[in-house]
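Inspection log for the structure reproduced underneath, given as structure tokens.
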Amino acid sequence: MCQNKEHCTVLLMAAGSGLRMGGETRKQYIDVKGRPLFTYALETFDRSDIVTDIMIVVPEGDQEYCREIVDTCGLAGKVRKIVAGGRERCFSVHNGLQAVDWPCDYVFIHDSARPFIDDDTMERLLDEVRISKACIAAVPTKDTVKIADQNGFVAQTPNRKDVWLVQTPQVFDFELIKKAHEEMVEQYDELIKKGVIITDDAMVAETFTGYRVKLVMASYRNIKVTTPEDMDTVAAYMKGWQ
């Protein structure tokens with residue numbers, strides 16, 4: 001758990017449009033056993049001994065709607081703020097980081113569409129971020145991975161033991177990742193011109209700090225709900241949820 005002088009904030013990212021899920025409901029709000037999907041990760045963080053503060057980042061205009069859900073579910077205890085995201089995920093994270101106005105040593109950035117984050121993974125991430133200042137939840141791939149060329153032919157087959165599938169939370173020293181995101185925002189247009197696409201916060205850290213990002217073993221259950229088919233897996237995992 002967090003040591004006496006440590007403050008650990010979760011940025012729960014729920015600002016996406018969820019277009020790949022189809023339908024009219026954003027995926028973070030999809031009903032799962034009578035409550036929105038995002039509340040399951042929120043519940044884990046709310047009861048965690050590690051987490052001291054929570055911020056939820058939602059689409060512009062959803063702040064009050066999200067607050068009502070949080071209050072109704074009895075999960076408002078650690079929620080300091082609910083803020084609006086930006087035009088891309090990296091800008092949503094930037095908005096969240098800028099809105100933290102309380103003591104924060106480490107920040108856990110987590111996708112709300114991953115409802116099955118567990119306490120053991122959180123403990124391992126905290127232990128590692130104390131040492132490396134930048135670490136991410138991940139699992140080794142079980143499949144062979146192929147790198148394709150621009151025409152769709154196999155260009156390379158990396159050694160499977162070196163390939164990990166990245167998840168969230170991604171955890172950082174707060175000041176480190178805040179400054180990195182500030183630099184990212186300033187240089188974003190230039191990066192796009194160079195064909196650099198920011199896909200996660202680890203990439204922000206890799207690009208704008210001198211720190212390497214450590215992979216931390218997570219759980220294969222920590223899936224991300226992206227397409228309708230993923231809801232079958234969620235339903236199976238939810239059978240044991242109280």
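The values are calculated or read from the model by the stated rules, or taken from the named source; none is laboratory data. All values derive from a computational prediction rather than experimental measurement. Using ideal geometry, Cβ is built from the backbone for each residue, glycine included, and neighbour counts are taken over all protein chains shown.
Details
- If you go through the stretch 42-78 and keep only what is in contact with an Asp or Glu (Cβ under 8 Å, 6 or more places away or on another chain), assigned to a helix (DSSP H, G or I) and not β-branched (Val, Ile, Thr), you end up with nothing.
- Within the stretch 129-164, being of a type outside the set (S, T, N, Q) and in a helix (DSSP H, G or I) holds for Val129, Arg130, Ile131, Arg160, Lys161, Asp162.
- Any hit, the stretch 224-231, residues being outside any loop (DSSP other than H, G, I, E, B), surrounded by 19 or more Cβ atoms within 10 Å (Cβ to Cβ), touching a residue at least 40 places away in the same chain (Cβ under 8 Å) and in contact with a strand residue (DSSP E or B) (Cβ under 9 Å, 6 or more places away or on another chain): no
- Selection of the stretch 165-184 for residues being assigned to a helix (DSSP H, G or I), crowded, with 16+ Cβ neighbours inside 10 Å and in contact (Cβ under 8 Å) with a residue 60 or more places away in the chain yields Phe174, Ile177, Lys178, His181, Met184.
- Residues that are in contact (Cβ under 8 Å) with a residue 12 or more places away in the chain, out of contact with any strand residue (DSSP E or B) (no Cβ under 8 Å at 6 or more places or on another chain) and not in a helix (DSSP H, G or I) were ranked within the stretch 79-94; the one that is surrounded by the fewest Cβ atoms within 10 Å (Cβ to Cβ) is Glu88.
- Taken over the stretch 39-73, the criterion of being of a type in the set (Phe, Trp, Tyr) and in contact (Cβ under 8 Å) with a residue 40 or more places away in the chain is satisfied by Tyr40, Phe45.
- Here the condition is being in a helix (DSSP H, G or I) and among the aliphatic types (A, V, I, L, M); of Leu215, Leu191, it holds for Leu191 alone.
- Failed criterion for Lys161 (all others in (1) among the basic types (Lys, Arg); (2) loosely packed, with under 14 Cβ neighbours inside 10 Å; (3) at pLDDT 95 or above hold): (3)
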